[in-house]
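Structure first, then comments.
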Amino acid sequence: VQLQASGGGLVQAGGSLRLSCVAPGSSFSSYAMIWYRQAPGKQRELVARIGSGGRTGYADSVKDRFTISRDNAKNTVYLQMNSLKPEDTALYYCNTPLGYSRDIWGQGTLVTVSS
């Protein structure tokens, strides 16, 4: 199942955005959710991960600026992005470990940070 991320946009450096991703199905609470991003000309990279129990992990480049969270009642995972930098400009995707392993990706949401 392709997941659809939303909430991207154009923001000035230092600004904030909150991305959302809704996952279908009744077992959302049982699996991890991951945010990835792909900047122009670069490989896709993991940004943040949240386990089924709420444990989180972040790429060093976003630690202390981004926060991943989940609302199991809404089947939704969020990425709160603060203190945005131009180098955060990328297409942002959400995925599950299974989707990643099968190379199944939904449409990302574009985040553009101007200097």
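The values are calculated or read from the model by the stated rules, or taken from the named source; none is laboratory data. Bear in mind that the values here come from a model prediction, so they are computed numbers and not experimental data. Virtual Cβ from ideal backbone geometry, glycine too; neighbours counted across all protein chains shown. Heads up: the accessible areas ignore ligands, DNA and RNA and are worked out on the full protein's heavy atoms, side chains in. Shrake-Rupley method; radii C 1.70, N 1.55, O 1.52, S 1.80 Å.
Just give me the residues in region 58-73 being within 10 Å of SER29 (Cα to Cα) and in contact (Cβ under 8 Å) with a residue 24 or more places away in the chain, in sequence order. Show your work before the answer.
Start the filter on region 58-73 by keeping residues that are within 10 Å of SER29 (Cα to Cα), which leaves 70-73.
Of everything in region 58-73, those that are within 10 Å of SER29 (Cα to Cα) and in contact (Cβ under 8 Å) with a residue 24 or more places away in the chain turn out to be ARG70, ASN72.
How many residues, within region 64-82, are open to solvent by 50 Å² or more (accessible area, probe 1.4 Å), not basic (Lys, Arg) and not in a strand (DSSP E or B)?
Taking region 64-82 as the starting set, the residues that turn out to be open to solvent by 50 Å² or more (accessible area, probe 1.4 Å) are 64, 67, 72-74, 80, 82.
Subset that is not basic (Lys, Arg): 64, 67, 72-73, 80, 82.
With not in a strand (DSSP E or B) added as a condition, the list becomes 64, 72-73, 82.
Qualifying residue count for the region: 4.
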Subset of region 1-44 that is in contact with a strand residue (DSSP E or B) (Cβ under 7 Å, 6 or more places away or on another chain) and of a type in the set (D, E, K, R) - its residue that is most open to solvent (accessible area, probe 1.4 Å)
ARG18
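What about LYS42, is it basic (Lys, Arg), over 14 Å from the mean Cα position of the chain (by Cα) and either part of a loop (DSSP other than H, G, I, E, B) or more than 23 Å from ILE104 (Cβ to Cβ) (or both)?
yes
Would you mind stating whether ASP103 is open to solvent by 60 Å² or more (accessible area, probe 1.4 Å) and either over 12 Å from the mean Cα position of the chain (by Cα) or over 14 Å from LEU3 (Cα atoms) (or both)? Explain how you work it out, then say what you get.
Numbers: open to solvent by 60 Å² or more (accessible area, probe 1.4 Å): yes; either over 12 Å from the mean Cα position of the chain (by Cα) or over 14 Å from LEU3 (Cα atoms) (or both): yes.
Answer is yes for this residue.
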Checking the structure you have, find out if any residue of region 45-57 is buried (at least 16 other Cβ atoms within 10 Å of the Cβ), touching a residue at least 40 places away in the same chain (Cβ under 8 Å) and either assigned to a loop (DSSP other than H, G, I, E, B) or not hydrophobic (A, V, I, L, M, F, W, C) (or both).
no
Condition set under 15 Å from GLY7 (Cβ atoms) and part of a strand (DSSP E or B), scope region 83-100, selection most open to solvent (accessible area, probe 1.4 Å): answer is LEU91
